[in-house]
Amino acid sequence: MTGPLVLASGSETRRSILEAAGLLLIVDRPQVDEAVIKQDCRIRGDSADATAKLLALTKARQVALRHPGRVVLGADQMLECNGEWFDKPNSRSAAADQIGRLSGRVHRLFSAVVALRDGVVIWQTVESAELTMRELSPEFIDFYLDSVGEKALNCVGGYQLEHQGIQLFSAVRGDHFAILGMPLLSLLAFLRGEGIIKT
């Protein structure tokens, strides 16, 4: 590598995905009011994928000011089900409510990554995945939340697909890494193309 990348995200999952792929990272968590950005996007009629890209771009731009010359990665994810947007639940009851509303339905995840250098966008992508949650009883939802505890609050939709959250689903279509919030294969192809990592 030509030097460490800067990850403008507080997500431990994104960090672990990139580090497991052998990338050197500086993690610099942005302070962005996501709720305000999402509300503005809703008012404008923006799509969920466009909103994910704007969130990723906003995070990268904020952090890039502190890292001149470095490649800064901003990332974000949106969950949409029948036109409704879901956020990370802020309580167990909110997680139970979200899982209950997703139960038996198909939803889409949009994962965006934007790469900046000196404030200029040099690459961006949004990848989507389609997930079908099986019909879940209230008793199973309680059992699941008892099992995972506070981890249910760390992800949009109240589940972590890479852990026990997989038990909530009957079908998953899409790239595994994009579902976890980091479209890794596309990112690696970009980094190789730019000579940032070895080909």
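Worth pointing out:
- Pick from segment 124-146, criterion among the aliphatic types (A, V, I, L, M) and touching an Asp or Glu at 6+ places or on another chain (Cβ under 8 Å), ranking: farthest from Gly165 (Cα to Cα): Val126
- None of Val72, Val32, Val63 is in contact with a Ser or Thr (Cβ under 8 Å, 6 or more places away or on another chain) and aliphatic (A, V, I, L, M) except Val32.
- For the residues Val72, Val113, the requirement of being in a strand (DSSP E or B), over 14 Å from the mean Cα position of the chain (by Cα), at pLDDT 95 or above and buried (at least 22 other Cβ atoms within 10 Å of the Cβ) singles out Val72.
- Yes/no for Leu136 being out of contact with any helix residue (DSSP H, G or I) (no Cβ under 6 Å at 6 or more places or on another chain) and either hydrophobic (A, V, I, L, M, F, W, C) or surrounded by 13 or more Cβ atoms within 10 Å (Cβ to Cβ) (or both): yes
- Single condition Trp85 does not satisfy, out of (1) assigned to a helix (DSSP H, G or I); (2) closer than 24 Å to Thr132 by Cα: (1)
- Extreme residue, surrounded by the most Cβ atoms within 10 Å (Cβ to Cβ), among residues of segment 15-69 that are small (Gly, Ala, Ser) and part of a loop (DSSP other than H, G, I, E, B): Ala21
- Neighbours by Cβ (under 6 Å, 6+ apart or cross-chain): first from segment 2-31, of a type in the set (D, E, K, R); second loosely packed, with under 14 Cβ neighbours inside 10 Å: Arg29/Gly10
- Total residues in segment 121-165, condition hydrophobic (A, V, I, L, M, F, W, C) and part of a loop (DSSP other than H, G, I, E, B): 3
The values are calculated or read from the model by the stated rules, or taken from the named source; none is laboratory data. Fair warning: this is a prediction, and the values are worked out from it, not measured in the lab. A quick note on method: Cβ atoms are made from the backbone with ideal geometry, for glycine too, and the neighbour counts reach across all protein chains shown.
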